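Novice: Next up is a structure, given as structure tokens.
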Amino acid sequence: MPVQGATKYDYNSKSFWFYPWGKSVTHKGVDIFAKKGTGINSSVSGFVLYAGEIGFGGKFVLILGPKWRVHYYAHMHELKTSSFSFVNRNSTIGTVGTSGNASGKPPHLHYSILTMIPYVWKIDSDKQGWKKMFYLNPIEYLKK
């Protein structure tokens, strides 16, 4: 669980691949709600590919973890790691916020897991179902 103190009651267990979902069409992750400023931990040990800011995701961190999976943490209030650094599982990498297109919404962390090795057997007939070969359901990996 990347958000400190969060439990299964702090996210919607059916939010992965929810349709319709704004400009991205489907929701390719999970939103974990918490008070602004709550710590965010890395879910894995890995290499920080990038820590910075983009339009939709706001302040975000990309971590390359085991099995060539990229962990995406978005809408942060504060970044507490830097690009090209190493983090351990449970290292604090930032805090929950409302940056990017989460402005005006309740504070939360958007968390996604992408694989660089396509899982073609995950393709289905859902909206954008072909993209499921690159996106793993992060809810299946959450603990608590």
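The values are calculated or read from the model by the stated rules, or taken from the named source; none is laboratory data. Since the model is a prediction, treat every value here as computed from it, not as a measurement. Because the Cβ atoms are built from the backbone with ideal geometry, glycine has one as well, and the counts that use them run over all protein chains shown.
Yes/no matrix, rows are residues, columns are (1) of a type in the set (Asp, Glu); (2) in a helix (DSSP H, G or I); (3) modelled with pLDDT under 90:
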| position | (1), (2), (3) |
| --- | --- |
| Met1 | no, no, no |
| Tyr19 | no, no, yes |
| Lys23 | no, yes, yes |
| Ile40 | no, no, no |
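Novice: Of all the residues that make up the stretch 12-24, how many are on the phi > 0 side of the Ramachandran plot and surrounded by fewer than 18 Cβ atoms within 10 Å (Cβ to Cβ)?
Specialist: Qualifying residue count for the region: 1.
Novice: Return yes when Leu136 is in contact with a strand residue (DSSP E or B) (Cβ under 6 Å, 6 or more places away or on another chain), free of Cβ contacts under 8 Å to residues at least 60 places away in the same chain and not hydroxyl-bearing (Ser, Thr, Tyr) and no when it is not.
Specialist: So Leu136 fails the test.
Novice: Among the listed residues Lys28, Lys59, which satisfies the condition of being crowded, with 19+ Cβ neighbours inside 10 Å, touching a strand residue (DSSP E or B) at 6+ places or on another chain (Cβ under 9 Å) and assigned to a strand (DSSP E or B)?
Specialist: Lys59
Per-residue answers, yes or no, for (1) among the small types (Gly, Ala, Ser); (2) closer than 25 Å to Ile117 by Cα; (3) within 15 Å of the chain's Cα centre (by Cα):
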| residue | (1), (2), (3) |
| --- | --- |
| Glu53 | no, no, yes |
| Val61 | no, yes, yes |
| Gly65 | yes, yes, yes |
| Tyr72 | no, yes, yes |
| Lys80 | no, no, no |
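Novice: Taking the residues in the stretch 1-11 that are loosely packed, with under 14 Cβ neighbours inside 10 Å and of a type outside the set (Phe, Trp, Tyr) as candidates, determine which candidate is nearest to Ser91 (Cα to Cα).
Specialist: Taking the candidates together, the pick is Gly5.
Novice: Across the stretch 36-56, what is the number of residues that are crowded, with 19+ Cβ neighbours inside 10 Å, among the small types (Gly, Ala, Ser) and closer than 26 Å to Pro106 by Cβ?
Specialist: Final tally of qualifying residues: 3.
Novice: Pairs needed: first member in the stretch 49-66, touching a residue at least 40 places away in the same chain (Cβ under 8 Å) and aliphatic (A, V, I, L, M); second member anywhere, crowded, with 17+ Cβ neighbours inside 10 Å and part of a strand (DSSP E or B); C-beta distance under 7 Å; at least 6 residues apart or different chains.
Specialist: Pairs found: Ala51/Val61; Ala51/Leu79; Ile54/Phe60.
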